[in-house]
1. For region 432-446, indicate whether the set of residues that are more than 26 Å from residue 902 (Cα to Cα) and assigned to a helix (DSSP H, G or I) is non-empty.
2. Could you list all residues from region 97-113 that are farther than 23 Å from residue 63 by Cβ and either touching a residue at least 60 places away in the same chain (Cβ under 8 Å) or open to solvent by 60 Å² or more (accessible area, probe 1.4 Å) (or both)?
3. Need pairs with beta-carbon distance below 6 Å; first residue open to solvent by 20 Å² or more (accessible area, probe 1.4 Å) and within region 807-821, second small (Gly, Ala, Ser) and assigned to a strand (DSSP E or B); sequence gap 6+ or separate chains.
4. Any residue at all in region 484-491 that is open to solvent by 10 Å² or more (accessible area, probe 1.4 Å), within 28 Å of the chain's Cα centre (by Cα) and over 25 Å from residue 919 (Cβ atoms)?
5. Do the conditions hold for residue 94, that is, is it in contact (Cβ under 8 Å) with a residue 40 or more places away in the chain and either in a helix (DSSP H, G or I) or hydroxyl-bearing (Ser, Thr, Tyr) (or both)?
6. If I ask for residues that are of a type in the set (Asp, Glu) and assigned to a loop (DSSP other than H, G, I, E, B), which ones from region 487-530 would you list?
7. Just a yes or no: is a residue in region 251-258 exposed (fewer than 15 other Cβ atoms within 10 Å of the Cβ) and outside any loop (DSSP other than H, G, I, E, B)?
Amino acid sequence: MADLDSEVPPLPPRYRFRDLLLGDQGWQSDDRVQVEFYMNENTFKERLKLFFIKNQRSSLRIRLFNFSLKLLSCFLYIIRVLLDDPTQGLGWSPIIWVNRSLPLWGLQVSVALISLFETLLLSYLSYKGNIWEQILRIPFLLEIINAVPFIITIFWPVLRNLFIPVFLNCWLAKHALENMINDLHRAIQRTQSAMFNQVLILISTLLCLIFTCICGIQHLERAGNRLTLFDSLYFCIVTFSTVGFGDVTPKIWPSKLLVVIMICVALVVLPIQFEQLAYLWMERQKSGGNYSRHRAQTEKHVVLCVSSLKIDLLMDFLNEFYAHPRLQDYYVVILCPTEMDAQVRRVLQIPMWSQRVIYLQGSALKDQDLLRAKMDDAEACFILSSRCEVDRTAADHQTILRAWAVKDFAPNCPLYVQILKPENKFHIKFADHVVCEEEFKYAMLALNCICPATSTLITLLVHTSRGQDSQQSSEQWQKMYGRCSGNEVYHINLEESTFFAEYEGKSFTYASFHAHKKFGVCLIGVRKEDNKNILLNPGPRYIMSSTDICFYINITKEENSAFKKQEKHRKKHESKLSYHGASRLPVHSIIASMGTVAIDLQDTGCRTSSGPTLTLPSEGGKEGRRPSIAPVLEVADSSSLQTCDLLSDQSEDETTPSDDEVSAGLEYAKGYPPYSPYIGSSPTFCHLLHEKVPFCCLRLDKGCQHNYYEDAKAYGFKNKLIIVAAETAGNGLYNFIVPLRAYYRPKKELNPIVLLLDNPLDDLLRCGVTFAANMVVVDKESTMSAEEDYMADAKTIVNVQTLFRLFSSLSIITELTHPANMRFMQFRAKDCYSLALSKLEKKEREKGSNLAFMFRLPFAAGRVFSISMLDTLLYQSFVKDYMISITRLLLGLDTTPGSGFLCSMKITEEDLWIRTYARLYQKLCSSTGDIPIGVYRTESQKLTTSESQISISVEEWEDTKDTKEQTSYRSNHRNSTSSDQSDHPLLRRKSMQWARRLSRRVPRHSGKTAEKISQQRMNLYRRSERQELAELVKNRMKHLGLSPAGYDEMNDHQNTLSYILINPSPDTRLELNDIVYLIRPDPLAYVPNTAPSQKDSFCNTVGQDTREETQL
């Protein structure tokens, strides 16, 4: 080592600093030597090989030059044929000798020399030790045949007119063209299209066959018919097309032999080429080909990435996406790794979709496939998860990778991602819009327990509909329900709006009430220009600004509305500004036609700014009647605001816990949950326990050292239970519990929540199913995957049907995977009304309705929904980017300071004096600042025949029929027996008298008796089925030591129907037990900044007054 160090001195310091400062400039006066390193051996052969073969660009030029030489030789042959005179020779001599001029001969010799030299050089460079492999190649043999004779004529001038088959150079030109195309794709670094190459080979093969046949027939017939080139072309086309007119035929045997050879070659070569082309075409049809760059730059398109494409998902996306007028010119490119399904293929062949939907088979993780879909030019990319997978976490992982791949390839492309598990949501926070399935599912299930049919309300709001569903039905509820289902959420700038422009500088509640009274629209929220947060019902203290964006519910957006002001009734009603009944209210006719809504407006120019005063009817003028409804103020008065600090308790009964609560240790505090179950969950202000409950106390069916209770009834809960039947306690349950424990819910209304991880009958009875308010059945993850897609809900449907039969009074709420399976919920096979609704659903589907299932009673009542219906929420976000935010605020998934929340109130007998929806709107806006958005109505079914009645009537009819047949058989048998006694006249006469007497009495007596017995048996059968189920349940309860007193087996709510009216017309009559959906302002936004003692006393006083004034 010492010797080596001494031999190699270190680099002087001057080189080091100078190189750093001057770079390569210091080398000019330096004594260093630059060494070049070669990737290949620096020999003459290797350099030639690099230039002619290995280097793509130089090789491409060489092959292009070779291709040009072959085409030039063929062109020179045609010139020689045109200048030749075949009449000069006799016999076979015209076939051997031709006339070739000296200049033409010189050009052909030059081309032959260059071609031969190039061929020999390339053979030498590509030589790998086997010389026979190079010599016996067909291109080399053709080159020798076409070039060597011309070189021989240089040294032997006599042979200059010898015929040489130069036209065979067309096959060498074809070979050069194929190599040139390959080098072209290598040079530009693009993957070649197999279809393009195959089509090129087929066309070139066909042209070479025709050209060879034309030149060969023309030359051989020099000794026969002396055909021209055009005649030979005509003969070849007629022959190859199998027409064979026979006007031009070969005369000598060599030409006939050539025709036979060419036909045989064509029959062998062309079918092989066509087969390969057809195979590639079929494979391309499966993979979908490419979306051209020119189309991507001139047309707009979106990309849909899915792991497996089902027909339901495809139709939901297409129907919702193309429901918007401005998206009609968009293309949809589907990128899916699986082969196209047969049903999907049939749908995409429909002209309406075939021109706008392009299917590409490929993976989003491959840049090549993303380039085929032109992802970098796409307007948006929708990435959907496969909810039918057994492992939903693995499905989320695939979705996350797809989102990352798209973001890496096209950073500027907006991403719309659907995720299944909430714990995986933080991986795709970079996406523009994210919908987490379990978050929305559990939140909707929870709100269904507080506000009935919230799932139906949200589903109808996020679907695009014109409100024309079931308008031809004879049922009034179907007409109202179908018309109101067309309401959606829209937005508009305040200063550009006809609806809201006049309310600039006025309070939000004033603008909402008067816009509804005048135009029939429901203003639900605003967003400031400098803020991204949407505020639902910010309350009466919020003052509308000209730059605000207003969000409202209406049958269509304002831009598609035409306003017609009614003047003919103005003078007639000018003196009646105080409305004394529903008939005096302005009626708003909303006509949906071709996407435009015409709204008839009443004249409101002469009204005062404070609004109309609605007085009570004269018949209500009794002692102690309620006061009239106060007007909605333009600007909120601080004295009229019902402010209250919800951080403190609102009433004495809440501030002072009861003895039961103290004994049970249920002391609540309001705050944020200390622990978050997953990253990305929104903090929610809710009711919490002061102390954490031990884990052992969470088991309801087992006692512990802290308590000895083993069933729900032993706990003595004051409020009814909410039971959740799920397979596992996943993180999504957090979104079920939080809305039920929200801070704005009074403590006395909090329902105990029981999580049931398995649901046999014993566990159901222990957890208190007999006195539960609601039972929520969550779709089982283990059954979501089935061989038949629609069977994924089979277990859930059968379990719910069992609960429905055992506990008919229990309110069951469930979620299914497929919307089509909702028709099996609470299934009654012989119910005439259900069968009529089934026919209505089929008619609406034939009309092209996107919500054909909306008239099914379980869905309309909010007892079942499918989370797949919320896929439209993601699709609508492409046009309405605010829909996900508004839906999350309505469901309580997000909480924004100053934004309201969704709740409900029930119309009692004491509230019927309000009479109409418009007066209710005014009452709420003027008293509490609440904004009503819809009504949940329950009615009794008409023309309903239950399953048991029909089945019993059929059986009784059959029993009566059998009785009659037996009676007639017996009478006939007796008559026949007596007829045989012809030899006893007296006996025969007595028998006839007895038969006549029996025939007179039996029908009357049996008819009355059969009717009574039939009615009794019908009632008995109906009771017996119920009693059998009741006895089963009661016996199990006694066996478990539970009291069967709370089990009400005869309570049956099957003869009622419920439905939702979203934003009904102002003159809609209120009915008893109507439930009104409200968006209540955030109470925490109005906490006064005063001393704590003053704040608490003021809150309690105002809270008591509030209960008295706002009780409708």
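The values are calculated or read from the model by the stated rules, or taken from the named source; none is laboratory data. Remember, predicted model here, so these are calculated numbers, not experimental data. Cβ: placed from backbone, ideal geometry, glycine included. Neighbour counts: every protein chain shown. For accessibility, only protein heavy atoms count, side chains too; no ligands or nucleic acids. Shrake-Rupley method; radii C 1.70, N 1.55, O 1.52, S 1.80 Å.
1. Step one: of region 432-446, the residues more than 26 Å from residue 902 (Cα to Cα) are none.
Checked against the condition, which is being more than 26 Å from residue 902 (Cα to Cα) and assigned to a helix (DSSP H, G or I), region 432-446 yields no hits at all.
2. The answer is 97, 98, 99, 100, 102, 103.
3. Listed pairs, sorted by first residue: 819/866.
4. Yes; the residues of region 484-491 include at least one that is open to solvent by 10 Å² or more (accessible area, probe 1.4 Å), within 28 Å of the chain's Cα centre (by Cα) and over 25 Å from residue 919 (Cβ atoms).
5. On the way: in contact (Cβ under 8 Å) with a residue 40 or more places away in the chain: yes; either in a helix (DSSP H, G or I) or hydroxyl-bearing (Ser, Thr, Tyr) (or both): yes.
Answer is yes for this residue.
6. The initial filter retains those residues of region 487-530 that are of a type in the set (Asp, Glu), namely 488, 495-496, 502, 504, 529-530.
Residues satisfying the conditions are 504, 529, 530.
7. So in region 251-258, the residues exposed (fewer than 15 other Cβ atoms within 10 Å of the Cβ) come out as 251, 253, 257.
Cutting the leftovers down to outside any loop (DSSP other than H, G, I, E, B) gives us 253, 257.
Yes: region 251-258 contains one or more residues that are exposed (fewer than 15 other Cβ atoms within 10 Å of the Cβ) and outside any loop (DSSP other than H, G, I, E, B).
For every residue, the table says whether it meets (1) modelled with pLDDT of 85 or more; (2) open to solvent by 30 Å² or more (accessible area, probe 1.4 Å); (3) under 60 Å from the mean Cα position of the chain (by Cα).
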position	(1), (2), (3)
117	yes, yes, no
120	yes, yes, no
140	yes, no, no
163	yes, yes, no
184	no, yes, yes
192	no, yes, yes
202	no, no, yes
208	yes, no, yes
